[in-house]
Amino acid sequence: MSDPLERRLKEDRALRNAALELVKADVAHVRSELARKGLGSRLVGRMSDGAIDVFEEAVSVAENNRGTLATLIAAVGVWFMRNPIMDLFTEDEPEPSDAAGPTDPEI
């Protein structure tokens, strides 16, 4: 080989070897971290941190929008009470239920 090609090959090998050592170091670091604290506990920790962040953000938004929150709670309350409220305004007598079963004598 010519001299510039050999020099280039040596430089490329040195870069490759340096990159390989970095990857090996990263893998060793990840393995030691996983051995110290398992994957499940990491997942639970991240999920709880995320839930805490969401809760804090919800509290902040609720404090800034108290009127909207009160309206929303009232709307949900009316939604759950819709049937008793509608019963107050209807004058129809309740229909008899079929709880006793069929009245057909052939059965």
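The values are calculated or read from the model by the stated rules, or taken from the named source; none is laboratory data. What you see is a predicted model; the values in this text were computed from it and never measured. Note that each Cβ is placed from the backbone with ideal geometry, even for glycine, and that neighbours are counted across all protein chains shown.
Things worth noting here:
- Pair list, Cβ under 9 Å, 6 or more apart: segment 40-56 residue free of Cβ contacts under 8 Å to residues at least 40 places away in the same chain, other residue surrounded by 10 or more Cβ atoms within 10 Å (Cβ to Cβ): Arg42/Glu33; Arg42/Leu34; Gly45/Lys37
- Residue among Leu39, Leu20 that alone is surrounded by 10 or more Cβ atoms within 10 Å (Cβ to Cβ) and hydrophobic (A, V, I, L, M, F, W, C): Leu20
- Hey, Leu69 at pLDDT below 90 and assigned to a helix (DSSP H, G or I) or not: yes
- Subset of segment 24-66 (residues that are over 26 Å from the mean Cα position of the chain (by Cα) and either among the β-branched types (Val, Ile, Thr) or not in a helix (DSSP H, G or I) (or both)): Val27
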